[in-house]
Amino acid sequence: MVCYPSYGGSGVVAAELGYALGERGHEVHFISSSRPFRLHRYHEQLFFHEVTEVSYPLFKTAPYTLLLANKIVDVANFAGLDIIHAHYAIPHSISAYLAVQMMAKPLPLVTTLHGTDVTLVGAYEEFFQLTRLALKVSDRLTSVSQALALETERTFGKTDQGIQVIPNFIDHKVYCPLSSSTRRCRRYFAPQGEKILAHISNFREVKRVVDVVDIFARVEKRLDCRLLLIGDGPEMSRVEREVVRLGLEGKVQFLGKQESVHEILQMVDVFLLPSEQESFGLTALEAMACGVPVVASRVGGLPEVVQHGKTGFLKEVGDLEGMSEAVVELLSDEARYKTFSEQAVRWARETFPVERAVSEYEKVYESVVQSPRFSGLKKIVPGH
Ligand SMILES: CC(=O)N[C@H]1[C@@H](OP(=O)(O)OP(=O)(O)OC[C@H]2O[C@@H](n3ccc(=O)[nH]c3=O)[C@H](O)[C@@H]2O)O[C@H](CO)[C@@H](O)[C@@H]1O
Ligand SMILES: O=P([O-])([O-])O[C@@H]1[C@@H](O)[C@H](O)[C@@H](O)[C@H](O)[C@@H]1O
């Protein structure tokens, strides 16, 4: 697995997939610039290899793409890998492709597309040709939503191998509704029994976190509530300024980056995700699995994740009035709220179970090693 280590969706999906594959007896080697943040539990089948930085006076910055390629070859030789699975096309698939060129016996390359690697980064002129190359040279391509697969084909044209959609997934044993211990925490954030709204992200512009604050401000005029903001990123100062401008300092809590988001989600009433662009929206799925209805924008893969009128509400990007109205509607009718909450848990569990996604990835791995190009490779047998 080649992935980003930082707080964000693709690294989380890679790590969770790794644990699930490990549980099935596969040996999984992670290669990244530092340990992926969700890779915190020890597992005897999981290994981490750090791409070490080099500093040389000639380099302004270390050439990570090259160092990663070299590391992939080292790990492949040392551990006897069967497959390289790159999460995020740039630079991971490109490094993997370079690594394959250096191997005596080339390994198959599977690339999973996650989001702004294709829709934003890939579409920047500077990265366009590289992303197109990454798509072309991957032996299998998967995408986390139908919307992202279509968007990729619209931007880069159809690929020979096609793009298989494997939606992101959830472990419902971890992401489940409120437990008694979280009731105590809830009292800390909402001592008067106020409703709790929340948002989790990397605080990039694409997430429109300022909209989250503006939606909260409108809701707060109509019912007692609090807002929890989880995560950090480049938009943080703008968000803080908006909170101060609206005089909401006492009602908004910044929790920063958090490792155990399910424990926070379990005390939340409504999850807000008003993104400009969202290839899937893993946080929306995590929220629903914890019984939290979602109010989000109708973009990208979100309509595949949130069932409008059943597990939450979808509004157009920037429709602050519509989104705040949806929150008030959800929180003003207890019976209706309960129905939404139960439907959200059921939908998340039944539609996005980790077991199904892992089986799909296993089939992809199996099909590529069995393909004529790699017919010399052994069958992927868990535990060997
Ligand atoms: C804009 C866009 O298209 N983004 C996509 C991208 O990454 P993006 O980084 O936007 O991913 P998401 O926001 O969906 O997920 C973030 C992940 O990081 C976790 N987290 C975040 C902050 C924090 O403090 N602690 C923490 O644990 C969240 O719980 C979640 O598991 O790939 C994801 C995975 O395919 C998709 O779901 C997203 O739609
Ligand atoms: O670029 P993007 O697809 O929106 O999201 C990215 C994630 O997929 C990745 O896991 C993380 O490390 C990045 O910081 C960013 O959050």
Return yes when PHE78 is without any contact (Cβ under 8 Å) to a residue 24 or more places away in the chain, of a type in the set (A, V, I, L, M, F, W, C), touching a strand residue (DSSP E or B) at 6+ places or on another chain (Cβ under 6 Å) and not in a loop (DSSP other than H, G, I, E, B) and no when it is not.
no
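One line per residue, one yes/no per condition, for (1) within 15 Å of ligand 1 (Cβ to nearest atom); (2) in the same structural domain as PRO303 (by TED's automatic domain parsing); (3) out of contact with any helix residue (DSSP H, G or I) (no Cβ under 9 Å at 6 or more places or on another chain); (4) open to solvent by less than 70 Å² (accessible area, probe 1.4 Å):
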site	(1), (2), (3), (4)
PRO108	no, no, no, yes
ASP117	yes, no, no, yes
VAL121	yes, no, no, yes
LEU133	no, no, no, yes
VAL144	yes, no, no, yes
LEU148	yes, no, no, yes
ASP160	no, no, no, no
Quick check: anything in the range 68-88 acidic (Asp, Glu) and either away from ligand 1 (no atom under 16 Å from the Cβ) or open to solvent by 10 Å² or more (accessible area, probe 1.4 Å) (or both)?
yes
Helices (runs of 4 or more DSSP H) fully within the range 260-365 counting 2 or more residues that are of a type in the set (Gly, Ala, Ser):
282-289, 320-332, 334-351
Residue hits (the range 190-220; within 16 Å of ligand 1 (Cβ to nearest atom), open to solvent by less than 10 Å² (accessible area, probe 1.4 Å) and part of a loop (DSSP other than H, G, I, E, B)) are PHE203
Go through the range 221-253 and report how many residues are touching a residue at least 24 places away in the same chain (Cβ under 8 Å), out of contact with any Gly (no Cβ under 8 Å at 6 or more places or on another chain) and open to solvent by less than 70 Å² (accessible area, probe 1.4 Å).
16
Selection count where residues are touching a strand residue (DSSP E or B) at 6+ places or on another chain (Cβ under 6 Å) and of a type outside the set (Val, Ile, Thr), scope the range 162-180:
1
Could you run through the range 89-105 and say how many residues are open to solvent by 30 Å² or more (accessible area, probe 1.4 Å) and either touching a strand residue (DSSP E or B) at 6+ places or on another chain (Cβ under 8 Å) or within 16 Å of ligand 1 (Cβ to nearest atom) (or both)?
1
Condition met for VAL270 (in contact (Cβ under 8 Å) with a residue 60 or more places away in the chain, surrounded by fewer than 23 Cβ atoms within 10 Å (Cβ to Cβ) and aliphatic (A, V, I, L, M))
no
Considering VAL219, VAL206, which residue is of a type in the set (Val, Ile, Thr) and within 16 Å of ligand 2 (Cβ to nearest atom)?
VAL206
I'd like the full set of residues that are outside any loop (DSSP other than H, G, I, E, B) and among the hydrophobic types (A, V, I, L, M, F, W, C), limited to the range 16-54.
LEU17, ALA20, LEU21, VAL28, PHE30, ILE31, LEU46, PHE47, PHE48
Any chance the range 51-62 includes a residue that's open to solvent by less than 50 Å² (accessible area, probe 1.4 Å), more than 17 Å from the chain's Cα centre (by Cα) and either away from ligand 2 (no atom under 13 Å from the Cβ) or not aliphatic (A, V, I, L, M) (or both)?
yes
Which one of these is open to solvent by 10 Å² or more (accessible area, probe 1.4 Å) and either within 28 Å of ARG204 (Cα to Cα) or not hydrophobic (A, V, I, L, M, F, W, C) (or both): VAL292, VAL317, VAL327?
VAL317
Scanning the range 329-384 residue by residue, those touching a helix residue (DSSP H, G or I) at 6+ places or on another chain (Cβ under 8 Å), at pLDDT below 95 and among the charged types (D, E, K, R) turn out to be LYS378, LYS379
Scan LEU223, LEU255, LEU228 and give me the residue that is in contact with a Ser or Thr (Cβ under 8 Å, 6 or more places away or on another chain) and farther than 21 Å from GLU16 by Cβ.
LEU223
For the range 22-41, give me each residue that is under 18 Å from ALA79 (Cβ atoms) and open to solvent by 50 Å² or more (accessible area, probe 1.4 Å).
ARG24, GLU27, ARG35
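The values are calculated or read from the model by the stated rules, or taken from the named source; none is laboratory data. Note that the structure is a prediction, hence the values are computed from the model and not measured. Positions of Cβ are generated from backbone atoms using ideal geometry, with glycine treated the same way; all protein chains shown enter the neighbour counts. In case anyone asks, the SASA skips ligands and DNA or RNA and just uses the protein heavy atoms, side chains included. Shrake-Rupley method; radii C 1.70, N 1.55, O 1.52, S 1.80 Å.
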